[in-house]
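The values are calculated or read from the model by the stated rules, or taken from the named source; none is laboratory data. Please read these numbers as outputs of a predicted model, since none were measured by experiment. Quick reminder, even Gly has a Cβ in these numbers, built from the backbone with ideal geometry, and neighbours come from all protein chains shown.
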Amino acid sequence: MSGTATRRTEPHGARATARWLLRPMLRCGLAGALFVALTSVHAQTTAVERGKAKFEHTCAPCHAAGPGDDGRAMLPGTDALRIKYKGELPALIEQRTDLNADAIKTFVRRGTWSMPPFRKTEVTDEDLADIAAYIADSAKRAAAAPRRR
């Protein structure tokens, strides 16, 4: 052998062809992963937004903050929970961290105390899942907010 270094022989362009084939696959894979991540974030945000709209339409007339139409300091559902829990749990549902989707579904489907049950034709299971997502998000925000004294 002379003073020149010997090269490993491989077919001309095989490595370049492999790179050419892999780059679009990697781009698609990264784009797909990004799409899935953004879609799941968007879907969760959408569930919270849908839940908020359904809560405001269906639940808030009894369970929101603020005075009732009858002149009482609270709406009837909020006041009933205030009486029931005597300060051990928040009267406002949107501040409750103990309500998961199953608990909400049970209360809504069966009713409780002064609350009537709601049929699936009135509030669907999907609505309940969205409401649960909204309540969880709302409670998390309420817990993180600075408390007034």
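Which one is modelled with the highest pLDDT, of the residues in the range 65-88 that are part of a loop (DSSP other than H, G, I, E, B) and crowded, with 16+ Cβ neighbours inside 10 Å? So, considering only residues that are part of a loop (DSSP other than H, G, I, E, B) and crowded, with 16+ Cβ neighbours inside 10 Å, the one modelled with the highest pLDDT is 75. Go through the range 48-92 and count every residue that is in contact with a Phe, Trp or Tyr (Cβ under 9 Å, 6 or more places away or on another chain) and among the basic types (Lys, Arg). So the answer is 4. Could you tell me which residue of the range 89-108 is surrounded by the most Cβ atoms within 10 Å (Cβ to Cβ), considering only residues that are farther than 19 Å from residue 65 by Cα and of a type outside the set (A, V, I, L, M, F, W, C)? Ranking the candidates gives 105 first.
Has the range 109-124 got at least one residue that is aliphatic (A, V, I, L, M) and either assigned to a helix (DSSP H, G or I) or exposed (fewer than 13 other Cβ atoms within 10 Å of the Cβ) (or both)? No; the residues of the range 109-124 include none that is aliphatic (A, V, I, L, M) and either assigned to a helix (DSSP H, G or I) or exposed (fewer than 13 other Cβ atoms within 10 Å of the Cβ) (or both). Selection of the range 129-144 for residues being of a type in the set (Gly, Ala, Ser) and surrounded by 15 or more Cβ atoms within 10 Å (Cβ to Cβ) yields 129, 132, 133, 136, 138, 139, 142.
Counting only residues that are closer than 18 Å to residue 138 by Cα and among the hydroxyl-bearing types (Ser, Thr, Tyr), which one in the range 75-103 is nearest to the chain's Cα centre (by Cα)? First the steps, then the outcome.
Keep residues of the range 75-103 that are closer than 18 Å to residue 138 by Cα, which gives 77-78, 81, 89-103.
Right, trim to among the hydroxyl-bearing types (Ser, Thr, Tyr) and you get 78, 97.
Working: 78: 23, 97: 14 Å.
By that ranking, first place goes to 97.
Hey, any hits in the range 45-62 for a residue that's in a loop (DSSP other than H, G, I, E, B), without any contact (Cβ under 8 Å) to a residue 60 or more places away in the chain and among the hydrophobic types (A, V, I, L, M, F, W, C)? Even if it seems obvious, please write down each step before you answer.
Within the range 45-62, the subset in a loop (DSSP other than H, G, I, E, B) is none.
So far as the range 45-62 goes, no, none of its residues is in a loop (DSSP other than H, G, I, E, B), without any contact (Cβ under 8 Å) to a residue 60 or more places away in the chain and among the hydrophobic types (A, V, I, L, M, F, W, C).
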